[in-house]
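Written below as structure tokens is the structure these notes are about.
The values are calculated or read from the model by the stated rules, or taken from the named source; none is laboratory data. In this text the structure is predicted, and so the values were computed from the model without any measurement. Note that we place each Cβ from the backbone using ideal geometry, even for glycine, and neighbour counts take in every protein chain shown.
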Amino acid sequence: MDGRLVVGDLRVQEIVRGDGRVSYTVVDESCKVVGAADGFLRSCRAGTNRTYAYLLVDHLRWLRFAGLSVESVVLRDLAHYMAAVGAEYSAPFGLPWRVGKRRYRHSALKTAAACLKGFYLHQATSGVNGALAEGLRVTRLPTRADRGRSMLGHVMTEVAANPLAPAGRVRRHPKMLPEGAREHLVERVACARDRMVVTWLADGGFRIGELCGLHLVDLHLREGAACGQCRSPHVHICHREGNANRARVKSKTEWQLQDGVVSGGAVRRASPAMIHTYFDYIATQYPRHAGHGMLLVSLHGPTRGQPWTTDGARGMLRRAGHRLELGRVAPHAFRHTFATGVLDAAGGNAVIARDAGGWASAATVEEVYGHADVHDPLFAAALDRVWEPQL
């Protein structure tokens, strides 16, 4: 059977519920829900189920392509699949997969491995392919980082592992903005909204989903806000599932709205430049009767006045970068540049950088951004001392 004729029969289906929440499932060529996938995706947290749906549909298509099924696949087959989508594998694994598509990068491979393990462990709870589930239930010795994350780390003897996960990599020197990119973008972007987006990404270290998911009530841009959590101007980053533009916040810190005042969530300080660009945008471009209460709105076309999507923000930055010959400008490059700048200014204090940018742990900041500046005088002095000729 020609696998190319059937790999596209499965697809991801978006489901909008009555309360505005969005979930995802997998359907076949007759629009019938694939029960195995749907049961697993229902068990996933909001936000995760979208990512897992697209990873899972790719895997289910591959099962058809390889003549396998959820009931018959074994651990070695899953290793073949991980190799086909981009993992390193020391043996041949048959026909190529994802022809004409980009292979998964390291972070996507880690997520795919977690998705597959969760999917097949979930099937085992229904009595399907228990042998494969046993092969996926492996453990390893805890590392120092594992013990540090656990309240009872001193009694920890083993932690769960994933045999499908790729080998770990040290993530250093992430892609940052070109020199002077922020200044060029602020000067040359088309309108007050876009100047605000550039400034807030650069000074606040926002993820694009956090920025596009902001509501006006989340902004406490005057001294001594009623929430009482921070005296200085600040922003509350709150996870909401019902945003009209589908923007989601990665962290799900608890928050509440009481008497029109937001408290909780992740608190991010606001710079004077952020406040200035905000008032410029609100005074000149924000629609008077928006109705939805979200901060960023579309300014043109049939969606004018509606909440601006993350795709719209990414497209604006991409076009501006090419127009100014800066190359491809991605929103996350602002976050990388912000983290490096805060870490350098704080003398390498990863805890300060963690809180300034809203990372889950200081260890992540140290791993990704904790590197010496080759232009630092102390760095040069240390090398000069090592290179000093022996007398």
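Within region 279-305, can you find the residues that are crowded, with 17+ Cβ neighbours inside 10 Å and part of a helix (DSSP H, G or I)? If the condition is that a residue be crowded, with 17+ Cβ neighbours inside 10 Å and part of a helix (DSSP H, G or I), then Tyr281 is the only one that fits. If you go through region 17-28 and keep only what is surrounded by 11 or more Cβ atoms within 10 Å (Cβ to Cβ) and not basic (Lys, Arg), you end up with Gly20, Val22, Ser23, Tyr24, Thr25, Val26, Val27, Asp28. Evaluate the following for His322: is it in contact with a Pro (Cβ under 6 Å, 6 or more places away or on another chain) and closer than 26 Å to His184 by Cα? The answer is no for His322.
In region 208-258, the qualifying residues are those that are polar (S, T, N, Q) and surrounded by fewer than 16 Cβ atoms within 10 Å (Cβ to Cβ), and the one that is farthest from Leu317 (Cα to Cα) is Gln258. In region 286-299, what count of residues is obtained for those that are modelled with pLDDT of 90 or more and under 29 Å from the mean Cα position of the chain (by Cα)? Going through region 286-299 one residue at a time, the tally reaches 9. A search for C-beta distances below 8 Å between a residue of region 247-258 that is free of Cβ contacts under 8 Å to residues at least 12 places away in the same chain and any residue that is of a type in the set (Ser, Thr, Tyr), counting only pairs 6+ apart in sequence or on different chains, returns Gln256/Ser263.
Within region 265-278, can one find any residue that is under 26 Å from Tyr24 (Cα atoms) and part of a loop (DSSP other than H, G, I, E, B)? Among the residues of region 265-278, at least one is under 26 Å from Tyr24 (Cα atoms) and part of a loop (DSSP other than H, G, I, E, B), which makes the answer yes.
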